[in-house]
Amino acid sequence: MRIGIVASEAAPFAKTGGLADVTGALPKTLFRLGHEPFLVMPLYRAVRESNVPLREVGRVRVPIRRVGVGARVFEGRIPGTEALAFFIGYDGYYDRPGLYGDNGAGYPDNCERFAFLSRAAIEVFRLLDVKPDVVHLHDWQTALVAPYLRILYKDDSALSSAGVVLTIHNMAYQGVFWHLDMETIGIDWSYFTWKYFEYWGNINLLKAGIVFADVINTVSPAYAREIETPAAGHGLEGALRDRDDALHGVVNGIDDAVWNPAADPHLPKTYGPEDFSGKAACKRALQRQVGLPQRKAPVLGVVSRFAEQKGLDLVAAALPRLFDRGPVQCVILGDGDDGIAAMLRDVAARYPARLSVTDGYDERLAHRIIAGADMVLVPSRFEPCGLTQLYGLKYGTIPVVRRTGGLADTVIDCTPANLDAGKATGFVFENPTPDALTRCIERALALFRDRRSWERLIQIAMTRDWSWERSTRCYLSLYAEAMDARKRA
Ligand code: ADP
């Protein structure tokens, strides 16, 4: 299958978040499985400065505000594969310090920059005569490709037969711009209605993508259901419910080259599911590194952005109760909101031999916590997919999570029946309250004292498959569904 992945970022070329991990890993895995993926993205300053080998292969010209803007097209390779990556070079838009903005503010011409990317990507297909079977779009920045194909290129038989899949990584970002940007994107004003582009008097690019894509997905099945409700739909729940039959969830995979306890260069000792004795050495090293006494006490770990979403206020409220009741320790690494950091540091000041809080971004410590802790806490209020619980599973560090989004899909609660059946992988609670979190951690601590059961739980957790190969196979079935939908249309 030939798949054109159009994205505003992809690892290792340019990255601001999890989106780049997906658009970086997916083409590599597709290629390994024998498909023909290719990537189209902007030639940001960061890409040019990374010195990836590029070769100019032509030029495209697209109308923006009715004026033709030309771009140079460069070709490179997706690292470790023969798969092609195409970069749209137009310095007026992309030779800037940031991808979407800098100093905390989005660039004022973002609608124009990404409308240009979307239209230029289609022109790249034509320029190079690559006819994708499927075009895979990501978030609002490239969602416009869907209406462009269906409205402006509907008579191009090579392109109009391509299925379109739109992946939504976070409903909170929708690409909402003022109505006059209809002129910028070059779509006829007749589409400025609530059925297509219009959204409370503005235009909404993600909404247009949802309306015109053949298949839509988000990054977990539970989040896919949640975004059809006002609580998580950010105003697009109605548009999503209208496309209910086409809406799916695919959990992201783990990058095995980075997160693998059997070959992790950050660890003092590596280990695998057959023999996880090395985990004890990782625990001692972690305790030593963060200045906690090297006891056999259970260690809770947290690696997280400090943000309201992540529920760390619940952790701050639960920890004193747990510390007062038993010999438990906790290691926290995070960065972001200063208020959350201060709240956690307050608890650490009261319990210095129990709690370590590191404020900052530290990849190495993140790996050492995920390996060295006994449990990883992810009490998020909402979580589209979540990666730390997946890393916890792979490293035998049992996740304690709230039942929401991707956490609900990837962690099976350790009831006695689930443990007997070999299905349990962690501990799950419902309500975002300190009480519920405390009780859930206490359930985990009770099982931790039963060594044999705990080791069985670790073994089950470590052997679950959350690989990119698994996610990619799910995407392949969505691609097939999009192609079918096109044939029927
Ligand atoms: P989100 O994308 O909402 O922050 P995820 O769980 O999907 O949450 O991904 C978070 C990623 O960022 C994980 O790989 C986690 O290890 C990493 N991470 C978060 N905070 C830090 C930090 N302070 N230092 C190092 N890595 C971090």
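Quick notes on this one:
- Considering all C-alpha pairs of region 157-221, those separated by over 18 Å amount to 43%.
- Think of the chain as a dipole: +1 on every Lys or Arg Cβ, -1 on every Asp or Glu Cβ, centred on the Cα centre; then among Thr167, Val40, Ala316, Ala316 lies furthest on the positive end.
- Accessible surface of the chain, 1.4 Å probe, proportion on carbon and sulfur as whole %: 50 percent
- Taking packing as the residue-averaged number of other Cβ atoms within 10 angstrom, the listed peptides 325-337, 17-29 run from highest to lowest as 17-29, 325-337.
- The listed peptides 155-163, 277-285, ordered by packing as a protection proxy, come out as 277-285, 155-163 (highest mean of other Cβ atoms within 10 Å first).
- Tilt relative to the chain, helix 110-128 - C-alpha long axis, 0 to 90 degrees, to 10: 70 degrees
- Volume per residue of the C-alpha convex hull in region 74-162, rounded to whole Å³: 122 Å³
- Other residues whose C-beta falls under 11 angstrom from the C-beta of Ala373 contribute a net charge of +2, scoring Lys and Arg +1 and Asp and Glu -1.
- The amide H of Arg402, built 1.01 Å from its N in the peptide plane, has Val378, Ser380, Phe429 as neighbours under 5 Å, considering only residues 5 or more places off or on other chains.
- Taking other residues whose beta carbon is less than 11 angstrom from the beta carbon of Pro320, and scoring Lys, Arg as +1 and Asp, Glu as -1, yields +2.
- Principal axis extents of the C-alpha atoms in region 20-149 (largest first, rounded to whole Å): 41, 31, 27.
- Unsatisfied cross-links (Cα-Cα over 25 Å) in the set Lys195/Lys487; Lys15/Lys131; Lys15/Lys154: Lys15/Lys131; Lys15/Lys154
- Principal semi-axes in Å for region 277-333 [√(5λ), Cα gyration tensor, largest first]: 22, 15, 8
- Approximate shape of region 119-213 as ellipsoid semi-axes (Cα gyration tensor, √5λ), whole Å, largest first: 23, 15, 11
- The accessible area of Arg243, taken with all protein chains in place and a 1.4 Å probe, comes to roughly 50 Å².
- Dipole magnitude for region 278-465: about 860 debye, using +1 per Lys or Arg Cβ and -1 per Asp or Glu Cβ, origin at the Cα centre.
- Each principal axis of region 46-94 carries a Cα extent, and these read 40, 20, 13 Å when sorted largest first.
- Note on Glu455 and Ala317: the model spin-label points, each 7 Å out from Cα along the C-beta direction, lie 3.8 nm apart.
- Shape descriptor for region 278-465: Rg over Rh equals 0.92 (Cα atoms; Rh from the Kirkwood inverse mean 1/r).
- Calculated FRET efficiency for the pair Arg32/Arg55, C-beta based, R₀ 25 Å, to 0.05: 0.55
- Lysine pairs within region 278-465, Cα separation less than 15 Å, 8 or more sequence positions apart or different chains: 4
- Whole-number accessible area per residue in Å² for the chain, which is evaluated in the context of all protein chains at 1.4 Å: 41 Å²
- Convex hull per residue volume in Å³, alpha carbons only, for region 351-416: 125 Å³
- Computed from backbone phi with θ = phi - 60° and the Karplus coefficients 6.51, -1.76 and 1.60, the 3J(HN,Hα) list for region 242-254 is 4, 10, 3, 5, 9, 9, 10, x, 10, 6, 5, x, 9 Hz; x is used for glycine and proline.
- Cα extents for the chain along the principal axes, largest to smallest and rounded to whole angstrom: 69, 45, 45.
- Rounded to 10°, Cα long-axis angle of helix 18-32 versus longest principal axis of the chain: 80 degrees
- Cα long-axis angle, helix 468-488 against the chain (0 to 90 degrees, to the nearest 10): 30 degrees
The values are calculated or read from the model by the stated rules, or taken from the named source; none is laboratory data. Please read these numbers as outputs of a predicted model, since none were measured by experiment. As a convention, Cβ positions derive from the backbone with ideal geometry for all residues, glycine included, and neighbour counts pool all protein chains shown. To get the accessible areas, we keep the full protein, side chains included, count just its heavy atoms, and leave off ligands, DNA and RNA. Shrake-Rupley method; radii C 1.70, N 1.55, O 1.52, S 1.80 Å.
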